[in-house]
Structure formats: C-alpha cells, structure tokens
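All remarks here apply to the structure that follows.
The values are calculated or read from the model by the stated rules, or taken from the named source; none is laboratory data. If you're wondering where the values come from, they're calculated on a predicted model, not measured in any experiment. Cβ placement follows ideal geometry from the backbone for every residue including glycine, while neighbour counts extend to all protein chains displayed.
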Amino acid sequence: MKQKKISVLVPCYNEEENVEPLCAAIREQLLSLPAYDYEIVFIDNFSADSTREKLTALCAGDPKVKAIFNARNFGQFNSPFYGYLQTSGDCVISMCADFQDPPEMIPKLVAEWEKGAKIVCAIKTTSKENHFIRALRTIYYKLIKKMSEVEQIEHFTGFGLYDRSFIEVLKGLDDPAPFLRGIVAELGFRRVCIPYEQAKRRAGKTSNNFSRLYDAAMLSFTTYTKTPVRFMTFFGIFLAALGFLGGIAVGVTAGVGVLEEFMPFVLLCVTVFLFGMGFFFLGMLGEYLLTVKTKVTHRPLVVEEKRINFDK
C-alpha cells in the first residue's frame with residue numbers, strides 16, 4: 001500500500017530568525033508520524049533579509065525541504081494560494097513562519113483528517129496577541145459573518161489541513177485574487193474545526209500593518225457581501241424622501257419665519273453630512289471596482305524566480 005504523504009506549506013517574508021527553528025520543529029512533528037512520507041515547502045515572498053540564504057541552506061541539507069522564491073512580493077493572499085498548488089502531498093498543512101501557528105498541532109490536524117474530514121480548520125479560541133487588536137478582529141469577524149451570503153468562519157486565519165481533493169478544486173478556480181478563508185467556507189467540503197491558542201511571534205517583526213489588514217477586510221467584504229451596495233441604494237431612497245418632505249416643510253413654514261434663524265446652520269450640517277456620505281459611498285464602490293478589476297485582469301498569481309528541490 002502506498003505511503004500517504006503530508007505537505008507542510010510555510011509562506012514567509014523577512015523571517016530570517018524563524019525559518020531554521022521552524023523547519024526543525026515541523027520536521028520533529030512529522031517524524032513522530034512514521035507512517036507518513038512528507039515534504040516541507042517554503043514559499044518566500046521576496047524577502048529583503050537573509051531568509052532566502054537560510055532556506056537555500058535548509059534545502060541543501062534535506063531533499064524533503066523545498067523552496068520557491070517569488071520574483072517580487074505578490075501579496076499576502078496570492079503567494080500562499082500559489083504555494084498550495086505546488087505541493088504534492090495527499091494533504092497540505094499551512095502555517096505561518098513566525099511560530100504563532102504551533103507545530104505541535106500537526107498530529108491533531110492529521111488525526112482529524114484520518115477520521116474523514118476534508119478540511120481541518122484551526123480556530124484561535126484564545127490568543128496572546130494585543131487585546132485591542134483581537135477585539136477589532138472579533139468585531140470584524142462578527143460583522144462579516146452577519147453580512148456575508150456565505151457563512152464565514154470566525155477566528156480562522158488559514159492555519160489548518162486541506163485534503164488533496166480540495167487542492168485540486170483550487171487549481172481549477174482561475175481566481176487572480178483568491179481569498180482562501182472565504183473559499184473554504186464557500187465550497188462546502190466536509191469540515192472540522194479544532195481550537196488552539198495563538199502564541200506570540202517568536203522573533204522578528206510582523207508585516208501585517210494597517211494597510212494589509214485593511215486589504216484583507218476589503219477583499220472579504222467586496223467578494224462575499226452585497227450589504228454595503230444595498231445600503232447605499234436604500235439610503236439614497238431615504239435621503240430623496242427626506243429632501244422631498246423637508247422641501248414641503250420649508251415651504252409651509254417660510255412665510256411665518258419659523259426657520260429663518262436656524263436655516264444657515266441647518267444647511268451647513270446637511271451639506272457636510274451629504275458630502276461625507278457621498279465620499280464614503282464613492283470609496284466603497286471604488287473598493288468593489290478594484291476587486292472586479294483585479295479578478296478580470298487574469299494575471300498570474302505569482303512569477304517564480306527560482307525553485308529548489310522540486311526535482312528530487
């Protein structure tokens with residue numbers, strides 16, 4: 001009987017202090033599962049530090065460690081998604097390079113997979129990250145879950161296990177702007193969720209700044225919700241009705257001078273409010289258009305500069 005193979009995918013960007021100890025920790029967990037063959041695949045998103053040198057040395061010392069070097073930084077979604085498509089295992093386990101996704105979870109993920117789950121989602125039930133950031137994430141997850149047409153998975157970052165059948169479906173999506181967390185919720189494979197505590201980053205500095213978090217939030221909103229656009233429509237109807245009724249009220253009271261004293265202030269407030277809402281709506285429509293533009297351009301997910309050990 002053919003030995004099953006586990007692929008572990010590690011997307012990385014400027015993780016020179018983490019890739020070597022993480023590779024050792026992953027290898028230790030995989031060796032504790034002797035019934036399986038394995039590969040460890042790093043995909044580097046154009047690191048500016050010595051990450052690539054470290055990965056080259058790891059590949060030279062172990063043919064089961066593989067690496068893909070991107071020609072430039074292709075973003076936080078495209079690079080991992082492309083990495084899934086390059087794996088060869090019967091299942092793929094994806095984890096961050098900063099030790100916030102514990103390698104010790106690997107046997108638990110595999111155990112659920114062997115019970116029949118096609119996707120095993122690791123859910124952050126507790127976290128050692130900043131409490132304020134976690135509170136914002138919780139609000140975001142609640143909001144997107146309520147507004148989305150597809151039931152979203154709260155506190156799921158992508159850390160988990162994916163069966164080969166799911167990876168084959170990903171290959172056929174032809175989506176140049178993939179949002180994996182939404183795809184997992186959307187496609188309906190048999191799914192199991194298991195809890196874990198998210199650890200602190202072991203070393204280095206996170207690249208998840210406000211801009212990256214905002215990109216993630218907007219991609220999710222514009223891909224899986226119609227609520228903002230519907231709100232704009234109904235709010236426009238409401239303002240039109242309010243303006244019509246306000247015009248009648250002004251016409252009735254103008255003759256007796258009831259509103260003359262407050263009219264300039266009222267007009268200023270209404271004008272500022274309408275301009276603000278107008279800019280907000282234009283910005284939201286722009287986000288939808290940017291998502292559409294990205295999805296219809298059909299550019300490649302990633303352009304590789306180099307790959308190591310894939311021929312071994």
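At a glance:
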| read-out | value |
| --- | --- |
| Residue under evaluation Glu28, criteria (1) under 26 Å from the mean Cα position of the chain (by Cα); (2) not in a loop (DSSP other than H, G, I, E, B), criterion not met | (1) |
| Any hit, the stretch 10-33, residues being crowded, with 16+ Cβ neighbours inside 10 Å, touching a helix residue (DSSP H, G or I) at 6+ places or on another chain (Cβ under 6 Å) and closer than 24 Å to Glu186 by Cα | yes |
| Filtered residues of the stretch 1-49 (kept if touching a Phe, Trp or Tyr at 6+ places or on another chain (Cβ under 6 Å) and over 20 Å from Gly89 (Cβ atoms)) | Asn45, Ser47 |
| Phe159, sole failed condition from (1) surrounded by fewer than 19 Cβ atoms within 10 Å (Cβ to Cβ); (2) of a type in the set (Phe, Trp, Tyr); (3) under 17 Å from the mean Cα position of the chain (by Cα) | (1) |
| Extreme residue, farthest from Glu28 (Cα to Cα), among residues of the stretch 59-101 that are surrounded by fewer than 22 Cβ atoms within 10 Å (Cβ to Cβ) and among the aliphatic types (A, V, I, L, M) | Ala71 |
| So Ser79, is it at negative phi and in contact with a Ser or Thr (Cβ under 9 Å, 6 or more places away or on another chain) | no |
| Residue among Ile123, Ile119, Ile106 that is among the hydrophobic types (A, V, I, L, M, F, W, C), touching a His at 6+ places or on another chain (Cβ under 7 Å) and either closer than 23 Å to Glu304 by Cβ or at pLDDT 90 or above (or both) | Ile123 |
| Count - residues of the stretch 172-191 that are over 17 Å from Leu301 (Cβ atoms) and buried (at least 17 other Cβ atoms within 10 Å of the Cβ) | 3 |
| Pairs, first surrounded by 12 or more Cβ atoms within 10 Å (Cβ to Cβ) and charged (D, E, K, R) in the stretch 127-146, second modelled with pLDDT under 75 and in a helix (DSSP H, G or I), C-beta under 9 Å, six or more apart | Glu129/Arg137; Arg137/Leu213 |
| Evaluation of Gly283 against (1) at pLDDT 70 or above; (2) assigned to a helix (DSSP H, G or I); (3) over 27 Å from the mean Cα position of the chain (by Cα); (4) exposed (fewer than 13 other Cβ atoms within 10 Å of the Cβ) (one fails), failing number | (3) |
| All helices (runs of 4 or more DSSP H) inside the stretch 53-161 with 2 or more residues being among the polar types (S, T, N, Q) and either assigned by TED's automatic domain parsing to the domain that holds Cys193 or touching a strand residue (DSSP E or B) at 6+ places or on another chain (Cβ under 6 Å) (or both) | 75-85 |
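Residue-by-condition table, conditions (1) under 20 Å from Lys108 (Cα atoms); (2) in contact with a Phe, Trp or Tyr (Cβ under 9 Å, 6 or more places away or on another chain); (3) modelled with pLDDT under 85:
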position	(1), (2), (3)
Met147	no, yes, yes
Glu151	no, no, yes
His155	yes, yes, no
Gly172	no, no, no
Val184	yes, yes, no
Val192	yes, yes, no
Tyr196	yes, yes, no
